[in-house]
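Q: For reference, the structure I am asking about is given below.
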Amino acid sequence: MTLALGCIADDYTGASDLANTLTRAGLRTVQTIGVPADDLALPAVDAVVVSLKSRSIEAGLAVSRSRAAETWLRGRGASHVLFKICSTFDSTDAGNIGPVMDALRADCGETAVLVTPAFPETGRTVYQGNLFVGAVPLNESPLKDHPLNPMHDSNLVRVLARQSKTQIGLVDLATVARGVNAVQARLIELAGKGIGAAIIDAVFDRDLETIGLVAAEHRLSVGASGIGLGLARALVSTGKVKPASASNEMGAVVGGPAACLAGSCSQATLQQIANAERAMPVLHLDPELIVAGKSEAERALAWARPRLADGPVLIASSATPEAVAAVQARHGRDAAGHAIEQAMADIAEGLVRAGVRRLVVAGGETSGAVVDRLKIPGFLVGVEIAAGVPVLRAVDAEKSGMLLALKSGNFGGAEFFTDALRLMR
Ligand code: ADP
């Protein structure tokens, strides 16, 4: 298998977002959880997104993990690697965007790396090197108060220069608007001055398409799902990838027992659970019993097993903000959250042992705990159930007959659980 595109994402949800964007643009895409084993058997795909959790870890560790991912991707033929970062450029002066970019650049011998977090469809645009979040510059957006990576400077040329060993240049919007040749000429000019990376402006999707066409001829780029979209469109428009339709790529019908797990306490999920009560049996877990021990997970499995033959079931820990606050006040937010996530993972493991092959999970952290416990190395990305939430098919031999949907809290419409199961056949 020769990959047309390799991607390294610095967090899981960002990886899913990118994998979904690539799939919608016609690339057969697998998202892996961590750097895959050398012997992982993959279906024939155009792109692999390796999901790391490297956004906020120590820079040296982020570099070594990213390099391991790059080695794996290049070993599968990826001539271009996209280092996927957050569209709000989440980082600090210590990294990790600059140090990882520098290391990957040194590994592949790239002269001038194109860098842009622009993703116009989600309101991220870059002009004169300044990142805007909707109508306001980054440093006036809520990101100024982010608990891990407060962003106080919207000028990404300066932000990246503080993190990188190379000088950072700018390819401005006027140059992008003049097209591929103008951007290429500007990059050659910058490289001639010893500038190793450039923030490139993008305000509209057509700017991303220009950037994608230029980047596809390079070895390395850095950006969010927007540049991923540009790269995917470039690979399709230049005939390097024959576009696929996600619905045709999901393989055989899986069938069999189905279950839903909800650990998200978001408004959207609470409404989705209430609506699901009309379509399937729902069990509400007692968070106090979960924090106290294993018996609540065992009770849930004993409840679910005899029902699975009759249709899907839903098991939820989700509760109203007042109830959540009360549990957190008694046990601490992290301890309560962790205990409930692990109970959901116990339940997921038990359900799979009981024959469940179609599993819907609501909640970002909850999904992470479930996927880790089930030891699923990666997913083929399928059709979208709701914006940003695709059907996923596990890729390893043991679980390759398993479909999942992983939804973060606020995603999906009011009938999300039944919508998901309708598409997970
Ligand atoms: P979201 O995507 O909505 O943020 P997550 O799964 O990421 O959902 O986060 C929800 C967190 O709330 C998890 O840590 C989960 O274990 C925790 N949680 C779930 N149910 C309860 C509850 N009843 N009381 C307190 N915390 C809960």
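Q: I'd like to verify a number: residues in segment 298-345 that are near the ligand (Cβ under 8 Å from one of its atoms) and of a type outside the set (A, V, I, L, M), how many?
A: Within segment 298-345, residues that are near the ligand (Cβ under 8 Å from one of its atoms) and of a type outside the set (A, V, I, L, M) number 7.
Q: Could you grab me the full set of residues in segment 203-218 that are under 12 Å from Leu82 (Cα atoms) and not in a loop (DSSP other than H, G, I, E, B)?
A: Gly212, Ala215
Q: Identify, by number, the condition in (1) surrounded by fewer than 23 Cβ atoms within 10 Å (Cβ to Cβ); (2) assigned to a helix (DSSP H, G or I) that Lys165 doesn't meet.
A: Condition (2) is where Lys165 drops out.
Q: Quick one: which of Gln271, Gln328 is surrounded by fewer than 22 Cβ atoms within 10 Å (Cβ to Cβ) and either aromatic (Phe, Trp, Tyr) or touching a residue at least 60 places away in the same chain (Cβ under 8 Å) (or both)?
A: Among Gln271, Gln328, only Gln271 is surrounded by fewer than 22 Cβ atoms within 10 Å (Cβ to Cβ) and either aromatic (Phe, Trp, Tyr) or touching a residue at least 60 places away in the same chain (Cβ under 8 Å) (or both).
Q: Right, next: If you take the residues in segment 15-33 that are open to solvent by 10 Å² or more (accessible area, probe 1.4 Å) and out of contact with any Ser or Thr (no Cβ under 7 Å at 6 or more places or on another chain), which one is farthest from Ala246 (Cα to Cα)?
A: Selected residue: Ser16.
Q: Sticking with this structure for a sec: Restricting attention to segment 75-118, report how many residues are open to solvent by less than 10 Å² (accessible area, probe 1.4 Å), in a strand (DSSP E or B) and out of contact with any Cys (no Cβ under 6 Å at 6 or more places or on another chain).
A: 7
Q: Next up: Looking at Leu359, is it part of a strand (DSSP E or B) and either crowded, with 20+ Cβ neighbours inside 10 Å or under 16 Å from the mean Cα position of the chain (by Cα) (or both)?
A: yes
Q: Mind listing whichever residues of segment 225-267 are among the polar types (S, T, N, Q), assigned to a loop (DSSP other than H, G, I, E, B) and away from the ligand (no atom under 16 Å from the Cβ)?
A: Matches in segment 225-267: Thr238, Ser245.
Q: Same structure again: Using beta carbons and a limit of 6 Å, which pairs, at least six apart or on different chains, have the first residue in segment 364-391 and under 15 Å from Thr418 (Cα atoms) and the second one assigned to a loop (DSSP other than H, G, I, E, B) and away from the ligand (no atom under 16 Å from the Cβ)?
A: Val391/Met424
Q: Hey, another quick one. Looking at segment 402-425 only, could you name the residues that are assigned to a loop (DSSP other than H, G, I, E, B), crowded, with 16+ Cβ neighbours inside 10 Å and more than 16 Å from the ligand (Cβ to nearest atom)?
A: Met402, Glu415, Met424
Q: Oh, and also: Being touching a strand residue (DSSP E or B) at 6+ places or on another chain (Cβ under 8 Å) and either free of Cβ contacts under 8 Å to residues at least 12 places away in the same chain or open to solvent by 10 Å² or more (accessible area, probe 1.4 Å) (or both) is the requirement here; does Val203 meet it?
A: In short, yes.
The values are calculated or read from the model by the stated rules, or taken from the named source; none is laboratory data. Fair warning: this is a prediction, and the values are worked out from it, not measured in the lab. Note: ideal-geometry Cβ built from the backbone for every residue, glycine included; neighbour counts use all protein chains shown. Areas reflect the complete protein model, heavy atoms only, side chains present, ligands, DNA and RNA absent. Shrake-Rupley method; radii C 1.70, N 1.55, O 1.52, S 1.80 Å.
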